[in-house]
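Report on the following structure.
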Amino acid sequence: MAHNIRCTSRNICTGIPTSPNLHEVAQGIAPDTRVVYADNDPIVLAHARALLTSTPQGRTAYLDADIRDPERILASAELRGTLDLTKPVALSLIAIFHFIDDADDPYGIVRRLVDELPAGSYLALTNATGDHDPTFEPAAETYRRRGVTMRLRNRAEVERFFDGLELIDPGVQVVHRWRPDDTTEDLTDAQVSVYGAIARKP
Ligand SMILES: C[S@@+](CC[C@H](N)C(=O)[O-])C[C@H]1O[C@@H](n2cnc3c(N)ncnc32)[C@H](O)[C@@H]1O
């Protein structure tokens, strides 16, 4: 994590807390890191209340909110009372946007959230893709038939989330190719099938 984002971080669409969670990783590097999590699942909320703690030097808050309502997230006491939006923030949108349909204006949601952040902030975002495995689109259709949005996106569609930002090398990649290490070397694009990138707000 870059030095200039060591103090504040925001993780929207938290997921059921596990360990190490985002704040544990960040506070392990910079104990004064502040993190606001947001998710709209009541089960995540119950786990979050029980499991999301913080270092004494940092802060962790949890917000029960839907990402399709970015104004509520931005106006929330949890966010405004925890983060200092005059300093660079890391906005973490991992494994969420394939649950957001085009009709809900996913690019507008990201733009609205990023607009509120100062220069020097970072956006990390991933989205599942059908580019590398022909079975993914039929699987996504199964989700949709059962009432769950599953919007796979191709590389160009994922790149569009980062419009106006400076992509950090190596840009949008299937995520095991983004700074690979010895835990990722046996993976194939088809097995991973998630694009992701990190970008800096100029
Ligand atoms: C696959 S999990 C990813 C969790 C976490 N970001 C991670 O990378 O481990 C997706 C999360 O997004 C949440 N989610 C789905 N749709 C959402 C929405 N419209 N607003 C807020 N959270 C949502 C789900 O409840 C779930 O916890």
**Asked** Size of the dipole of the chain about the Cα centre, Lys and Arg at +1 and Asp and Glu at -1 on the beta carbon, nothing else charged, in debye to 20?
**Response** 560
**Prompt:** Can you pull the three principal axis extents for the Cα set of the chain, in Å, largest first?
**Reply:** 48, 35, 32
**Message:** Rounded to the nearest 20 debye, what is the charge dipole size of segment 17-73 about its Cα centre when +1 sits on each Lys and Arg Cβ and -1 on each Asp and Glu Cβ?
**Reply:** 180
**Prompt:** How many percent of the accessible area of the chain is carbon or sulfur, using a 1.4 Å probe?
**Reply:** 52
**Cα centre as origin, Lys/Arg/Asp/Glu Cβ charges: segment 44-133 dipole, Debye** = 560
**Fill in**
The helix 42-51 Cα axis meets the longest alpha-carbon principal axis of the chain at an angle in degrees, between 0 and 90 and rounded to 10, of 50
**Complete:** For Asp133 and Ala77, extending 7 Å from Cα along the Cα-Cβ vector and measuring point to point gives, in nm, a value of 4.4
**Message:** If the elastic network links every pair of Cα atoms under 10 Å, which of Asp181, Asp41, Asp133 fluctuates the most in the Gaussian network model of the chain?
**Reply:** Asp181
**Asked** Taking segment 117-174, which trypsin sites (Lys or Arg not before Pro) meet the DSSP loop condition and have no more than 12 other C-beta atoms within 10 Å?
**Response** Arg146
**Complete:** Rounded to whole Å², per residue accessible area for the chain with a 1.4 Å probe reads 50
**Prompt:** Can you give the % of DSSP beta bridges in the chain that are antiparallel, to the nearest 5?
**Reply:** 35
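The values are calculated or read from the model by the stated rules, or taken from the named source; none is laboratory data. Note that the structure is predicted; figures quoted are calculated from it, not measured. Cβ coordinates were reconstructed from backbone atoms using ideal geometry, including for glycine residues, and neighbour counts include every protein chain displayed. Ligands, DNA and RNA are excluded from the accessible area calculation, which covers all protein heavy atoms including side chains. Shrake-Rupley method; radii C 1.70, N 1.55, O 1.52, S 1.80 Å.
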